[in-house]
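Please read the structure below before turning to the comments.
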Amino acid sequence: MASNQQDHVPKEDTGAVTRRVWLIALCLYAAAAALDFAAHLSADSRAGRNWHDPANLAVAFSAGLFWPADLIAGLLLPR
C-alpha cells in the first residue's frame with residue numbers, strides 16, 4: 001500500500017552547524033598553538049636557556065598565538 005506522505009527527516013539548523021564547525025576550527029587552532037608553545041619552550045631548554053625566564057615565556061606565548069605566521073617565518077628565514 002503506497003502512501004502519499006513524505007518522510008520528513010529533521011534538518012539541523014544551519015546556524016548550529018556553522019557554530020559547530022567554528023568550534024572545531026577554534027579547538028584545532030588552540031591545539032596547534034599549544035604545540036607551538038611547547039616546541040618553543042623545548043627549543044629554549046635544549047639550547048641551554050632558562051625557559052622559566054619571563055622573556056622566553058612571552059616569546060613562546062606570542063609564537064603559539066600567532067603560529068601560522070611563526071611557521072611561515074621559520075620557513076622563510078635562514079637558520
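See the values below:
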quantity	calculated
Positions within region 21-61 being among the charged types (D, E, K, R), part of a helix (DSSP H, G or I) and loosely packed, with under 15 Cβ neighbours inside 10 Å, in sequence order	46
In region 62-73, the residues that are surrounded by 12 or more Cβ atoms within 10 Å (Cβ to Cβ) and small (Gly, Ala, Ser)	62, 63, 64
Close pairs (7 angstrom Cβ cut-off, 6 or more residues apart or separate chains): of a type outside the set (Ser, Thr, Tyr) in region 28-48, at pLDDT 90 or above and assigned to a helix (DSSP H, G or I) anywhere	none
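Conditions tested, residue by residue: (1) at pLDDT below 85; (2) over 13 Å from the mean Cα position of the chain (by Cα).
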position	(1), (2)
27	no, no
34	no, no
49	yes, yes
54	no, yes
58	no, yes
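The values are calculated or read from the model by the stated rules, or taken from the named source; none is laboratory data. It should be emphasised that the depicted structure is a prediction, and the values quoted were computed from it without experimental measurement. Positions of Cβ are backbone-derived with ideal geometry, glycine not excepted, and every protein chain shown enters the neighbour counts.
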